[in-house]
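In what follows, a single structure is set out as structure tokens and then discussed.
The values are calculated or read from the model by the stated rules, or taken from the named source; none is laboratory data. Not measured: the values here are computed from a predicted model. Cβ atoms come from the backbone with ideal geometry, glycine included; neighbour counts cover every protein chain shown.
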Amino acid sequence: MLTRREIIRSFAAGSLLMPGLLSSLLNAEGADPLAPRAGHFPAKAKRVIFIFSNGGASHMDTFDYKPALFKADGKMTGVGGGLSNQQKVLLRPGWDFKPGGKCGTMVSDLFPHLRECMDDICVIRSLKGDDNEHYNATLGMHTGSFFFARPSIGSWISYGLGTVNSNLPSFMVLAPQMPYAGLQIFNNDFLPAYHQGVRVVGGKEPIANLDRRTLQAGVQEDELALADVLNNRHLSARVGDGDLSARIRSFETAFHMQSEAGAIFDLKEETDETHTLYGLERGKTEGFGWQCLVARRLAERGVRFIELVDGSSSHNWDQHGDMAEHAKHAKNIDQPITGLLKDLKRRGMLDDTLVVWTTEFGRTPGVDGTKGRGHHSACFSSWMAGGGVKGGIAYGETDELGATVAKDKVHVHDFHATILYLMGLDHERLTYRFGGRDYRLTDVFGNVVKGVLA
């Protein structure tokens with residue numbers, strides 16, 4: 001008589017979950033939907049590390065030097081909170097600025113470590129969004145839509161390029177806490193489910209349920225193989241059901257993650273020097289230094305889009321009461337991001353890794369609250385490095401007080417179009433048909449910002 005295990009093995013012979021067999025995942029065109037694909041043209045970058053500082057970091061206190069604002073402290077002007085034109089008392093920047101690198105790009109004392117890397121960084125000082133509320137602005141920065149849920153940029157890149165490592169998701173988000181807009185920042189929305197970002201939280205269990213259910217050899221494989229046979233029998237009667245195929249593909253990725261992902265979060269093999277570079281204490285499994293070092297390890301293993309979330313919906317850069325609070329937030333990320341850039345560069349990875357830092361909007365030149373600044377989407381700063389970007393420059397300008405864009409405006413749609421371009425994707429051609437119309441990350445707008453390209 002056959003044992004229970006032998007019966008299951010017999011029934012599951014040739015299953016999707018047996019190594020190397022992906023036949024039941026084939027889509028209508030006969031290809032694995034997550035197989036690596038070429039872009040629309042040769043790419044400058046192979047992957048993106050997207051760093052998001054939640055809450056609205058002040059541009060005139062970080063990367064947009066405004067000597068006139070220092071002199072105008074305490075004066076009245078007609079630039080108010082957000083897009084309004086109310087009279088406000090001007091507030092000088094709280095930190096001095098110094099030139100960084102050989103290029104001399106001015107950076108405030110909030111980022112003394114990052115200032116050393118300015119020869120590799122392109123600061124964009126003329127970004128513009130469409131909304132002054134945290135939720136909407138965060139949604140817009142991640143999805144291109146400020147008012148309706150849409151797929152995130154990481155999901156679009158996963159959809160456009162697939163993955164080069166079938167054992168890991170193509171899109172991962174290191175987010176110990178959720179920012180404004182919550183899960184929508186890495187949601188696939190109407191794109192197939194396997195393009196949704198996988199959240200990593202750090203700590204003893206970086207990804208929920210990553211450990212195998214049982215260590216007894218073969219048991220889990222047998223159970224999953226049986227489940228897979230039943231899933232695919234169900235799918236065979238529903239050819240073309242993208243959601244069902246996506247769900248099955250997600251099971252496959254989850255299974256393989258158990259064998260590979262755990263090693264990524266084990267930093268024992270990293271040297272003491274590398275830990276110091278990131279400002280990370282050995283043995284620590286959380287903090288922004290940990291996020292940055294894990295991001296480099298994910299990038300090495302082929303993950304296409306890696307997002308690092310800095311701050312939460314309750315503890316972030318939103319300083320209405322006292323701008324001095326910016327100091328602790330900057331200190332939290334300054335050395336880790338610098339370590340990431342230096343580590344990528346010395347490993348020869350910066351040339352084909354696009355590193356992006358951004359926030360949802362800037363802050364007002366005038367006082368809001370007691371000693372703080374208000375929300376300001378009319379202009380703000382972000383930066384890019386590596387991956388085909390021209391380092392050592394500052395692109396775009398704001399007026400003398402940092403209230404409006406004065407030159408070379410970069411809308412969020414332009415920002416997204418440029419990121420896609422560097423990944424080899426034409427933002428006008430990367431579309432998905434849903435509800436009777438074609439959608440894209442940039443809606444019906446956007447232009448590649450040629451001035452930031454190397």
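Here are some notes:
Here is a yes/no grid of residues against (1) outside any loop (DSSP other than H, G, I, E, B); (2) in contact with a strand residue (DSSP E or B) (Cβ under 6 Å, 6 or more places away or on another chain); (3) among the small types (Gly, Ala, Ser):
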residue: Trp156; (1), (2), (3): yes, no, no
residue: Gly160; (1), (2), (3): yes, no, yes
residue: Thr163; (1), (2), (3): no, no, no
residue: Pro169; (1), (2), (3): no, yes, no
residue: Met172; (1), (2), (3): yes, yes, no
residue: Gln177; (1), (2), (3): no, no, no
residue: Arg199; (1), (2), (3): yes, yes, no
residue: Gly203; (1), (2), (3): no, no, yes
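- Scanning region 120-134 for residues that are over 22 Å from Thr404 (Cβ atoms) and touching a helix residue (DSSP H, G or I) at 6+ places or on another chain (Cβ under 7 Å) turns up at least one hit.
- Residue in region 297-306 that is closer than 17 Å to Leu114 by Cα, modelled with pLDDT of 95 or more, of a type in the set (A, V, I, L, M) and within 16 Å of the chain's Cα centre (by Cα) present: no
- Residue count, region 406-431 (criterion: buried (at least 19 other Cβ atoms within 10 Å of the Cβ) and in contact (Cβ under 8 Å) with a residue 24 or more places away in the chain): 17
- Index of the failed condition, Asn332 passing every other in (1) surrounded by fewer than 22 Cβ atoms within 10 Å (Cβ to Cβ); (2) under 18 Å from the mean Cα position of the chain (by Cα); (3) assigned to a loop (DSSP other than H, G, I, E, B): (3)
- Residues that are of a type in the set (D, E, K, R) and in contact with a Lys or Arg (Cβ under 7 Å, 6 or more places away or on another chain) were ranked within region 335-362; the one that is surrounded by the fewest Cβ atoms within 10 Å (Cβ to Cβ) is Asp352.
- Within region 307-329, the residues that satisfy the criterion of being in a loop (DSSP other than H, G, I, E, B) and either at pLDDT 95 or above or over 18 Å from the mean Cα position of the chain (by Cα) (or both) are Ser314, His315, Asn316, Trp317, Asp318, Gln319, His320, Gly321.
- Residues in region 386-402 that are in a strand (DSSP E or B) and touching a Cys at 6+ places or on another chain (Cβ under 7 Å): Val389, Ile393, Tyr395, Thr398.
- Annotation: of all residues in region 296-317 being surrounded by fewer than 24 Cβ atoms within 10 Å (Cβ to Cβ) and of a type in the set (D, E, K, R), the one that is nearest to Leu34 (Cα to Cα) is Arg301.
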